[in-house]
Amino acid sequence: MTATHYLDQARTAAEGLRESSLKERLAELALLRQRIDQRREDIAEQVMAETGKCRTDALVSEIMGSLDYLHWLNKAAPAVLADEKVSTPIALMGKASRIWHEALGTVLIITPWNYPLHIALTAIAPAFAAGNAVILKPSEHTPLKGLLESLVADLPLLSSALQIAYGDGDTARALIDARPDKICFTGSAATGKAILAQAAPLLIPVDLELGGKDAMLVFDDVDLHRTSAGALWGAFTNAGQSCTSVEALYVQRPLYRDMVATLAQQLDALIVNEGDAGDADIGAMTTDFQCDIVEAQLEDARKKGAQIHGGGRIAGTRLLRPALVTEVTPDMLLMQQETFGPVLPVLAFDNEAEAIRQVNNSGFGLSASVWSKDLDRAARVARALRVGAVSINNVMLTEGNPALPFGGVGASGSGRVKGAEGLRGMTRSKAVLIDKQHGKLEANWYPYTREKYRLFGQLISGLSGKGLAALLRFARAGLQLESHAQKPRRNP
Amino acid sequence: MKLSRYDYIIVGSGAGGGVLAFHLARAGKRVLMLEAGQRWQPRDYPDNELDASARLMWSGGVEPSQDASLMLMRGRTLGGGTVINQCLLDRFDDIALDDWAARSGLDSFSETAMGRHYDAVEADLSLQSIPESDWNGNARIYADGFDRLGYRRAPLRRGQSRCDVAGGNDCMRCLGGCPRASKQSTAATFLPRAEELGLEIITGCHIHGVVHGSAGVTVYGQVGREQVQFFAARCVLAAGTLGSSRILMNSGLGDALPALGKGFFCHPQFVTFARYAEPVDAHRGSFQALKSDDPRFRAAGFKLENVFMGPVAAAYLLPGGARAHQRLMRDYRHLACIEVAVRDVTPGRLSLSRGGQLRIHKSLGAPERKRAREGLKIIRDIYRVTGATEVAQAPTGIGLHLMGGCAQGLHRDSSVVNPEFAVHGMPRLHVVDGSLFPSAPGINPSLTIMALAHRAAEALLGGAQAPAGISRSVPADAAEVSA
Ligand SMILES: Cc1cc2nc3c(=O)[nH]c(=O)nc-3n(C[C@H](O)[C@H](O)[C@H](O)COP(=O)(O)OP(=O)(O)OC[C@H]3O[C@@H](n4cnc5c(N)ncnc54)[C@H](O)[C@@H]3O)c2cc1C
């Protein structure tokens, strides 16, 4: 099938969806949710087989995360998508104002290989709920072929609204050229730029969820054991292949040594394996090229003087043992580029301002976490960070709440998914103003006269003045304008 | 940085692990052995019983059952139980194997089907039956009593090559690591040969658990304080009855394996001393020489052997307090000793405490007590007819043959390991040691553990690379393969 076919079909489906109600669409999403729940072990198996994830990662972030999101969407969508009444200014007295949140039409969703189910579903579901037809182009590395199709098979609206176009970058480019109404892309910054460039002349709006080099800032008043455990999970969940993985851990100097020692000890206990039964901590990397990137960054760091605890690839597999890197310097690749693997560089900082500066200088700005007993300090630092999300005394937790928006700053992208903002992102707002049928002409309509001009001046002063006198002036000017407006230009 | 991925990791180096490692290495497999105990040179084994227990056994020597009615012993050293055992090597009879076949549903448990596996391991060992010339006073009393009472006896068959009893050696250090490398422990036989063939061994490595995956098994534990992790396409647990069950339970597999830790047996043994007016010198020469070979005993579920021990163990096992004990100890040279070993039928159970401590639930049931009583009565008869002046019964029972807990069989509800030696539902995880036993055979177990290891090697390697049915005599064989 060609890209044009996909788009033609999507446009037809989008037309069809206009006949459906939000309630009907949400009912199908509720069924989808049930189906995922019922088939979760199967789904986990397929996700594990394609990604190499350990079972717990597959279940918790892919399945539980998706179910959570669908649950939230079903509850929140009616309010978020409802027609809105907005107030009408006094100057427009007698009229009513509305905002309608309408479907965009066709949405192209391009997803990466790290969370093939979760990222796809958390884009498809709001797009569909809002009334869009969707074309999903999953990563060629983790297509999950047939899975979504089978999940929506007997849901009439969803199965007609959702098409999946399997393929690589060429497929994506062709689909973009066929002019969807919106593109939602999650993936690398390089591909994100290419997509934006391709979309620009076509004037297609693009949401970009790109990579990060997310920081974790730890002050010296924290619980060492919990904070270290959080750092390791944040750095190594999904084998570090999360855009919001902790990729730089900044520890206040007095705590630095102890924290490194604790991290090393906790790291040694992490079990690496794939195809497990829920008992491995870290699964395999999804692709060989990502293993190579991680290994090359570690090798580069080692050459430039870093100390590496752990690490290494198990021969003949894509299993990487997690690595803790100390003696890190800014010239190392792993401080400049996204690593996207189980590697945790640990750096020391002396004061708040320095730590904030270091984080804000990374160029990326997806998420961060701040750890301190002093919540005022934590909030102060959180506000100062140029990122899209901050967890305080926890890690990667904003993503745990589907009501919160998700998205980055700077090189980490723009646009938001999830939360009300993400749902609205699948709509365009239509402004509506309603007046009644009557014979009166509006004051601002023609003819323009000197008298009208003078009265408008008074009206404006009344509007911007304060107190009862101003209000009276406004009212009087208004009334005079109204009666004046009904008069035709005097003909000599 | 490349981390190794082995073809096989074997946890434990005793009767099961040692033999299996040799056959896998000989088939060209890359094998890593992980052993909690240390590696010793024969001449460095501790020369006294206390140190030997403390340094070569788990828990410093004995591990009591929950009700403390039995003291269990197991080796913790390179070579496992085979380093600290007496190395009496007997084949099982059909009485034992038929019971296994019935319980497991495997008809391959029979004298005929096991024959070629026994042949194969025996061919790689030096086996000697203790000749009458090596008897000491204790053996003579035993023989005399048996003959007078009309019971059948037989010489013990032992894995040994150069004990030189005739030349006057009476080191009596068999149970503390043989300093002469005469005893056929795996440390003296299969392991060095396997190492020549490329087996890698890490000693002092205590394994806590395994994680079974779709393409391999992660094995994790500790070397000293350091936490370690190893990877292999397959993992074989050969950590012994208590060790392998513990590793599986600690890996959280209890729910998936309802039979895990069940069916634990130990051949409870009770020794009885007797004092004679003349010196017996039971510590001289071969301190064990004879066993009962009487079908009536076999049918009744016990066997008798002459046995003796060094002064520390004697002090532990002799009854009485203060003076009575002291008197018996003073008469050490005048003591004879016979043990009854019971074929137990009341299954015990292994479990883990919340803190991960192994709990051994095993008490003497009515049948075991009855069997022990019958055996003890015959021992007393022997002492009576041979003119003992006093009989002294050891207060505690001991368990040296630890078996079961990961029974082999067809069904998950009654067994843990399938006929291919893989844990049910976990095709890459295997168990090859005494824990496979579906019941207590009433016969020395280690030769059969070795034979099962040979059979397991065949199962693991598949037809093409199956080890030869019978390999030729030992050193030549090893030399040839490594050449
Ligand atoms: C005093 C004594 C005398 C005996 N005499 C005889 C006899 O004459 N004839 C006979 O047939 N049997 C005898 N036995 C019994 C025999 O030695 C055992 O049945 C046999 O050794 C069991 O073999 P196995 O392979 O099951 O385990 P073992 O030989 O016990 O080997 C298990 C190995 O695994 C290691 N291990 C356990 N847990 C771990 C872990 N978590 N991590 C790493 N390594 C671990 C242990 O240290 C040990 O080295 C005797 C036993 C004792 C104690």
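The values are calculated or read from the model by the stated rules, or taken from the named source; none is laboratory data. Just so we're clear, the structure is a prediction, and the values are computed from it rather than from any experiment. Neighbour counts run over all protein chains shown; Cβ positions are idealised from the backbone, glycine included. For the accessible areas, the whole protein counts, side chains as well, though only heavy atoms, and no ligand, DNA or RNA atoms are used. Shrake-Rupley method; radii C 1.70, N 1.55, O 1.52, S 1.80 Å.
Given a Förster radius of 22 Å and the C-beta distance between B:GLU278 and B:CYS171 as r, what FRET efficiency does 1/(1 + (r/R0)^6) yield to the nearest 0.05?
That gives a FRET efficiency of 0.40.
Skipping prolines and chain starts, which residues have an amide H placed within reach, meaning under 5 Å, of the one on B:SER414, given they are 5 or more residues away or on another chain?
none
How many nm separate the modelled label positions at A:GLU24 and A:ASP288, each set 7 Å beyond the Cα in the direction of the Cβ?
The modelled label-to-label distance comes out at 4.9 nm.
Accessible area per residue of the protein assembly as shown at 1.4 Å probe, in Å²?
41 Å²
Could I have the simple spin-label model distance between A:ASP42 and B:HIS411, label points 7 Å from Cα toward Cβ, reported in nm to one decimal?
3.0 nm
Taking both sides together, what accessible area is buried at the B/A interface, probe 1.4 Å, expressed in Å² and rounded to the nearest 100?
1600 Å²
Hey, got the Cα dimensions of chain A along the principal axes, in Å, largest first?
If we take the Cα atoms of chain A, the spans are 97, 56, 38 Å.
For segment B:233-289, report the convex hull volume of the alpha-carbon atoms normalised per residue, in Å³, without decimals.
Once divided by residue count, the hull of segment B:233-289 is 153 Å³.
Going through segment A:404-445, which trypsin sites (Lys or Arg not before Pro) have at most 10 other Cβ atoms within 10 Å and a DSSP loop state?
A:LYS436
Filter B:LYS303/B:LYS362; B:LYS29/B:LYS183; A:LYS53/A:LYS137; A:LYS137/A:LYS182 down to the pairs with a C-alpha to C-alpha distance above 24 Å, please.
B:LYS29/B:LYS183
Going 7 Å from the Cα of A:ALA194 along its beta-carbon direction, which residues of segment A:125-149 have the amide nitrogen within less than 14 Å of the resulting point?
Only A:139-141 pass the distance filter.
Sorting check: for B:178-184, A:122-128, B:17-23, A:354-360, which peptide has the highest mean count of neighbouring beta carbons within 10 Å, and how do the rest follow?
B:17-23, A:122-128, B:178-184, A:354-360
For B:GLU196, tell me the accessible area in Å² from a 1.4 Å probe, rounded to the nearest 10.
110 Å²
On a straight-distance basis, which lysines could pair with A:LYS95 in a cross-link, Cα separation under 27 angstrom, same-chain partners fewer than 8 positions away excluded?
Within reach: A:LYS85, A:LYS430, A:LYS436, A:LYS440, A:LYS452, A:LYS466, A:LYS487.
Leaving ligands, DNA and RNA out of it, report the carbon-plus-sulfur percent of the accessible area of the protein assembly as shown at a 1.4 Å probe.
Roughly 53 percent of what the probe reaches on the protein assembly as shown is carbon or sulfur.
Can you show me the helix-derived [θ] at 222 nm for the protein assembly as shown, built from DSSP H runs with n ≥ 4 at -39,500 (n - 2.57) apiece and divided by the number of residues, rounded to the nearest 500.
The helix contribution divided over the protein assembly as shown gives -11500 deg cm²/dmol.
For A:275-282, what's the mean count of beta carbons from other chains sitting within 10 Å of each residue's beta carbon?
5
I need two numbers for segment B:260-408: Rg to one decimal and Dmax as a whole number, Cα atoms only, in Å.
In order Rg, Dmax, the Cα atoms of segment B:260-408 give 17.0, 54 Å.
Segment A:441-485: percent of C-alpha pairs farther apart than 16 Å?
31 percent
Per residue of B:229-237, what is the mean number of Cβ atoms on other protein chains within 10 angstrom of that residue's Cβ?
Shielding by partners across B:229-237 averages 2.
Could you give me the percent of Cα pairs per 10 Å distance bin for chain B, shortest bin first, beginning at zero and ending with the bin that holds the maximum distance?
Taking every Cα pair in chain B, the percentages come to 4, 21, 32, 26, 12, 4, 0, 0.
Sticking with the crude label model, points 7 Å out along Cα→Cβ, report the distance from A:GLN437 to B:ARG116 in nm, one decimal please.
For A:GLN437 paired with B:ARG116, the spin-label model returns 10.1 nm.
Peptides A:222-232, B:318-328, A:236-246: what's the order by average Cβ count within 10 Å, highest mean first?
The peptides rank, most packed first, as A:236-246, A:222-232, B:318-328.
Is any residue of segment A:78-98 close enough, with backbone N under 17 Å, to a label point placed 7 angstrom from the Cα of A:TRP445 along the Cα-Cβ axis, and if so, which?
A:92-96
A:TRP445: accessible area at probe 1.4 Å, nearest 10 Å²?
130 Å²
What whole-number distance in Å separates the alpha-carbon centres of segment A:1-50 and segment B:174-235?
52 Å
Arrange the peptides A:273-285, A:400-412, A:180-192 so that the one whose residues have, on average, the most other Cβ atoms within 10 Å appears first.
Most protected by this proxy first, the peptides run A:273-285, A:180-192, A:400-412.
With only alpha-carbon pairs counted, each pair once and no self-pairs, how large is the Kirkwood hydrodynamic radius of segment B:91-144 in angstroms?
Over segment B:91-144, the inverse of the mean reciprocal pair distance is 13.8 Å.
Accessible area drop of at least 30 Å² (1.4 Å probe, protein heavy atoms): which residues of segment B:1-16 qualify, relative to the chain alone?
Relative to the lone chain, where solvent access is computed with a 1.4 Å probe, segment B:1-16 loses at least 30 Å² at B:MET1, B:LYS2, B:LEU3, B:ARG5.
Determine, from the Cβ-Cβ distance of A:LYS75 and A:ARG253 and an R0 of 51 Å, the FRET efficiency 1/(1 + (r/R0)^6), rounded to the nearest 0.05.
0.65
At 0.36 nm per residue, and after removing the present C-alpha to C-alpha distance, how many nm does the segment from A:VAL60 to A:MET1 gain when stretched out fully?
Between A:VAL60 and A:MET1, full extension yields 17.7 nm more.
What does the protein assembly as shown give for Rg and for Dmax, in Å, if only its C-alpha atoms count?
39.7, 158
Take the Cβ-Cβ distance between A:GLU482 and A:ARG383 as r, set R0 to 35 Å, and report the resulting FRET efficiency rounded to the nearest 0.05.
Calculated value: 0.10.
If you take each beta carbon of peptide B:325-337 and count the beta carbons of other chains within 10 angstrom, what is the mean?
So the per-residue partner count for this stretch is 0.
Multiply the residue gap between B:ILE202 and B:VAL345 by 0.36 nm, knock off their C-alpha separation, and tell me the result in nm, one decimal place.
Additional length available on full extension: 47.8 nm.
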